[in-house]
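Structure, as structure tokens:
The values are calculated or read from the model by the stated rules, or taken from the named source; none is laboratory data. Being a predicted model, the structure only gives us computed values, none of them experimental. FYI the Cβ positions are ideal-geometry reconstructions off the backbone, even for glycines, and counts take in every protein chain you see. In case anyone asks, the SASA skips ligands and DNA or RNA and just uses the protein heavy atoms, side chains included. Shrake-Rupley method; radii C 1.70, N 1.55, O 1.52, S 1.80 Å.
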Amino acid sequence: IQKLADYQYGQIFLYDCSVSFSDDFSPQEQADFAASLSDSDDFLFLNETTCDILTPKGTKSAYVTAPAAEGIEHFIRFESNGESVPFPTQGNAVVTKKFAETNGISVGSEITVKTKENRDVSLTVSGICDNYVSHYVYTPLASLTENREIKMTTALVKTEEGADAHQKAAKMAENSAVMNVTVNQDMRQRIDNMLTCVDYIVLLLIFSAGALAFVVIYNLTNINITERIREIATIKVLGFYPKETAGYVFGENLLLTAGGALLGLGLGKLLHAFVLSKINIDMISFNVRISPASFLISVL
């Protein structure tokens, strides 16, 4: 889970800034905001609000995101286990994986969104996508409008390559209609700092496991030598060199280590999956990725 922020704000959220507008954000102010951006900046207006959603397991809260135009795939990557998830058509929705798992939602399920205007909008889940921070329901704007005008609440902005996102954010914040500008780089740093605390717990676990292994192996070796002192003395009399004698004793330890590693890594992976399945943080999805280097370091 160490690279959680990189997955969310590097592989899924492709934009640099999220801009929130006031409730009375008018079409003219939209045009003024668009004009204030440089030609190299890419942006997309959308309606994004926190809504109560009726699911098979009750009512839960999530961000309902409805883009005002096509092209949201340039700002947010929709995929599941490496495979692309198509953006839904009108009347359908794509929900994020953790929200689907905790609320009994699958492809084909019906969910009901209670909009800010207190209307109930029924949507069919057409896909489930990866996401690691917060819960989202994505649907076209037409699914929510029903011939009603819905104001844009948010803009996603991709700044030109090499530009300072914070300077861009400061300039966008000068617009009177802008309520808040969130820079994804700051969110990534915040999550990284939070996960740094986990490193100390992991180090403590590694040290404790290493100390336990040392005590067990030391006692096994001590008993082995004590019980076989005459046998070891005999092979030394027969002409075994010190290194050969040590290899005779420690070769068994290496064999036990190899067997313990094979058994321990398999059972450890199962235990690891079990422990993480019990760590249930509502707004965070832990994508368990064990790198090959972790197995190698464990053996060493």
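Taking region 161-188 as the range and being assigned to a loop (DSSP other than H, G, I, E, B) and open to solvent by 80 Å² or more (accessible area, probe 1.4 Å) as the test, the residues that pass are GLU161, GLY162, GLU174, SER176. Just so you know, in region 89-114 the residues that are in contact with a Phe, Trp or Tyr (Cβ under 9 Å, 6 or more places away or on another chain) and among the hydrophobic types (A, V, I, L, M, F, W, C) include one that is nearest to SER143 (Cα to Cα), and it is ALA93.
Answer yes if at least one residue in region 37-48 is of a type in the set (Ser, Thr, Tyr), out of contact with any strand residue (DSSP E or B) (no Cβ under 9 Å at 6 or more places or on another chain) and either surrounded by 20 or more Cβ atoms within 10 Å (Cβ to Cβ) or within 30 Å of HIS166 (Cβ to Cβ) (or both), and no otherwise. Spell out the reasoning first.
First, pick out the residues of region 37-48 that are of a type in the set (Ser, Thr, Tyr): 38, 40.
Adding the requirement that they be out of contact with any strand residue (DSSP E or B) (no Cβ under 9 Å at 6 or more places or on another chain) leaves 38, 40.
If we keep only those that are either surrounded by 20 or more Cβ atoms within 10 Å (Cβ to Cβ) or within 30 Å of HIS166 (Cβ to Cβ) (or both) too, we end up with 38, 40.
Checking region 37-48: at least one residue is of a type in the set (Ser, Thr, Tyr), out of contact with any strand residue (DSSP E or B) (no Cβ under 9 Å at 6 or more places or on another chain) and either surrounded by 20 or more Cβ atoms within 10 Å (Cβ to Cβ) or within 30 Å of HIS166 (Cβ to Cβ) (or both).
Within region 88-116, the set of residues being open to solvent by 50 Å² or more (accessible area, probe 1.4 Å) and touching a Gly at 6+ places or on another chain (Cβ under 9 Å) comprises VAL107 only.
Tell me, which residue of region 60-78 that is open to solvent by 50 Å² or more (accessible area, probe 1.4 Å) and touching a residue at least 40 places away in the same chain (Cβ under 8 Å) is farthest from GLN11 (Cα to Cα)? Spell out how you get there, then give the answer.
The first filter runs over region 60-78 and keeps only residues open to solvent by 50 Å² or more (accessible area, probe 1.4 Å), leaving 60-61, 63, 68-70, 73-74, 77.
Pick out the ones that are also touching a residue at least 40 places away in the same chain (Cβ under 8 Å) and you get 60-61, 63, 68, 74, 77.
On the way: LYS60: 26, SER61: 24, TYR63: 19, ALA68: 23, HIS74: 12, ARG77: 7 Å.
Restricting to residues being open to solvent by 50 Å² or more (accessible area, probe 1.4 Å) and touching a residue at least 40 places away in the same chain (Cβ under 8 Å), the top hit is LYS60.
Among the residues of region 149-200, those that are among the hydrophobic types (A, V, I, L, M, F, W, C) and closer than 22 Å to ALA69 by Cβ comprise ILE150, MET152, ALA155, LEU156, VAL157, MET172, ALA177, VAL178, MET179, VAL181.
Give region 66-123 a look and list any residue that's closer than 22 Å to ASP16 by Cβ, assigned to a loop (DSSP other than H, G, I, E, B) and more than 20 Å from the chain's Cα centre (by Cα), or say none. Spell out how you get there, then give the answer.
If we filter region 66-123 for residues that are closer than 22 Å to ASP16 by Cβ, which is where we start, we get 66-79, 87, 96.
Okay, now just the ones that are also assigned to a loop (DSSP other than H, G, I, E, B), so 68-71, 75, 77-78, 87.
Listed by number, the residues that qualify are ALA68, ALA69, GLU70, GLY71, PHE87.
Of the residues that sit in region 133-154 and are touching a helix residue (DSSP H, G or I) at 6+ places or on another chain (Cβ under 7 Å) and under 19 Å from SER26 (Cα atoms), which one is surrounded by the most Cβ atoms within 10 Å (Cβ to Cβ)? Here the answer is MET152. If you go through region 257-293 and keep only what is surrounded by 13 or more Cβ atoms within 10 Å (Cβ to Cβ) and in a helix (DSSP H, G or I), you end up with THR257, GLY260, ALA261, GLY264, LEU265, GLY268, LYS269, HIS272, LEU276.
For region 226-256, the candidate set comprises residues that are charged (D, E, K, R) and open to solvent by less than 90 Å² (accessible area, probe 1.4 Å); within that set, the residue that is nearest to the chain's Cα centre (by Cα) is GLU252.
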